[in-house]
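The values are calculated or read from the model by the stated rules, or taken from the named source; none is laboratory data. Computed from a prediction, not measured in an experiment: that's the story for all the values here. Neighbour counts run over all protein chains shown; Cβ positions are idealised from the backbone, glycine included.
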Amino acid sequence: MFSIASPGGWRQAWRSASVAGMSILRLLPLLIVLTGCSSLGYYAQLGEGQWQLLQARQPVAELLADPQQPAALRQRLQLAQEARAFASARLGLPDNRSYRLYANLKRPYVVWNLFATAEFSLQPLTHCFPIAGCVAYRGYFDEQRARGAAALLRVQGLDTEVAGVEAYSTLGWFDDPLLNSMLAWSDARVAALIFHELAHQRLYLPGDTAFNESFARFVEEEGLRQWRQARHLPPPPAHLQRQRE
């Protein structure tokens, strides 16, 4: 199952069946039976993309101990590990290997989300998945696949949007890594992402995006408040406080 945080405020929850310790590729026959053979190509790219991400992971502790790694990378990873430790020790969030690993995918986004609506409509086209229920987008690990799918929907008269996503989580089904696409963010945004995604691991109701995102956002903001306080940092600027309110 997947929770995705993307630019422009899009934060959704997307799940697909998986079993701890089992390659997602082995689940494709089950997914095809549940959703129909027409989904074969879509689920195949999901399996391939997830497998590549898992293979790219490295323990952060090893990278921090390696003097050959760039100092800037080690500094960003160290900050992330401090936020990760705080999440479990002070916020009661899951204590596992998620965000104690790092993956450099060598691209600016981990996935691309495809959104679609009927012309002049504000109601998004939904897609239904095993376990998760229905969500308002489809995710692709390859940008060209996403844009190709968008082109097919436009032929059908739908309006579409393809949005690159910098952060990606399986909500604890796998050990989610920090990603190279996240490390250009501010310290606060990296910490917020860790708090947000670990909150999903703590509590997630399939199919109820509004509740899940509200809960995770609350944990994120309260976690950031406590994080800043523990590090003797000033409160967020007033304009950010007003935006949150």
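So the values come out like this:
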| read-out | value |
| --- | --- |
| Qualifying residue in region 46-60 (condition: more than 18 Å from Arg107 (Cα to Cα), surrounded by 12 or more Cβ atoms within 10 Å (Cβ to Cβ), out of contact with any helix residue (DSSP H, G or I) (no Cβ under 8 Å at 6 or more places or on another chain) and at pLDDT 95 or above) | yes |
| Any pair with Cβ under 8 angstrom, 6 or more apart, that starts in region 53-66 at a residue that is assigned to a helix (DSSP H, G or I) and ends at one that is aliphatic (A, V, I, L, M) and surrounded by fewer than 17 Cβ atoms within 10 Å (Cβ to Cβ) | Leu63/Leu73 |
| Lone qualifier among Ala146, Ala151, Ala136 - being at pLDDT 95 or above, over 30 Å from Val60 (Cα atoms) and buried (at least 16 other Cβ atoms within 10 Å of the Cβ) | Ala146 |
| Tally of residues being among the charged types (D, E, K, R) and either modelled with pLDDT under 95 or under 19 Å from the mean Cα position of the chain (by Cα) (or both) across region 64-90 | 2 |
| Single residue of region 164-198 satisfying the filter (small (Gly, Ala, Ser) and assigned to a strand (DSSP E or B)) that is surrounded by the fewest Cβ atoms within 10 Å (Cβ to Cβ) | Gly164 |
| Tally, over region 78-108, of residues that are free of Cβ contacts under 8 Å to residues at least 12 places away in the same chain and either of a type in the set (A, V, I, L, M, F, W, C) or in contact with a strand residue (DSSP E or B) (Cβ under 6 Å, 6 or more places away or on another chain) (or both) | 2 |
| Residues located in region 122-151, provided they are assigned to a loop (DSSP other than H, G, I, E, B) and touching a residue at least 24 places away in the same chain (Cβ under 8 Å) | Leu125, Pro130, Ile131, Ala132, Ala136, Tyr137, Phe141, Asp142 |
| Matching residues in region 106-131 - criterion: being closer than 19 Å to Gln50 by Cα, surrounded by fewer than 18 Cβ atoms within 10 Å (Cβ to Cβ) and of a type in the set (A, V, I, L, M) | Ile131 |
| Residue count for region 199-212, restricted to those that are crowded, with 20+ Cβ neighbours inside 10 Å and farther than 21 Å from Arg97 by Cβ | 1 |
